[in-house]
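To start, the structure under review is shown below, and the notes come after it.
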Amino acid sequence: MSEGLRHRGWIVVFGTFLLVLVGFGSLYSFGAFFGELSHDFDAGRANVSLVFALATAFSLSAGALSGPVADRVGPRVTTGFGAALAAAGLWFAGSAQSLMQIYLAYAVGLGLGLGCFYVPAVATVQRWFVRRRARELVRLIGHAMIVMHETVWRVEVEEKPDTVWDRPDLDRLWVRLSEDYELRERHNALGRKLTLLNESAS
């Protein structure tokens, strides 16, 4: 492979990484808004959890179809359509007035959009690297999963439990325990260690 094509291939890798990062980051950061959605729409935990379940189901279902479609019309069409659909879903979800609108915007919009662009985008990366194809693909997915993991666990550690928001007495207890056990300091130290491990592995 010539240097020009190899350079262009890394641009494809970087673009795919950004798509995967934003797409799965938006999907798996759902827990950060769980309490607010339940409170704003006066919905139970089961109804709010259904949003994430539907989004995951739609993304996996669309992923099974987007690959064959991309082979027929090209990855640019399916990837562009998926990215636009996911962006529109997030935009409409931000202005939703009911939980049903969240279902349609977040679950259907983001879920289908993610399924439409993930498989074609990742498959396209392989075509640019004939040698070491498997290694580059695994590296791409691995970096995306590391970012997703760090995003999710940072939100879970730093966010207060849902129950605390409705109980002032428990809120004081949470603050005291956080200070006594130095949760934030331990969280930051663990984050630095994970970052070091990630850089060493790369």
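Quick note: the coordinates plus some simple rules give every number you see, no bench work behind them. As the structure is a prediction and not an experimental result, all values here were calculated from the model. Cβ coordinates were reconstructed from backbone atoms using ideal geometry, including for glycine residues, and neighbour counts include every protein chain displayed.
Quick look at the values:
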read-out	value
Failed item in (1) part of a helix (DSSP H, G or I); (2) surrounded by 16 or more Cβ atoms within 10 Å (Cβ to Cβ), with Ala88 passing the rest	(2)
For Ser59: the one exception among (1) more than 15 Å from Ala121 (Cβ to Cβ); (2) touching a Gly at 6+ places or on another chain (Cβ under 6 Å)	(1)
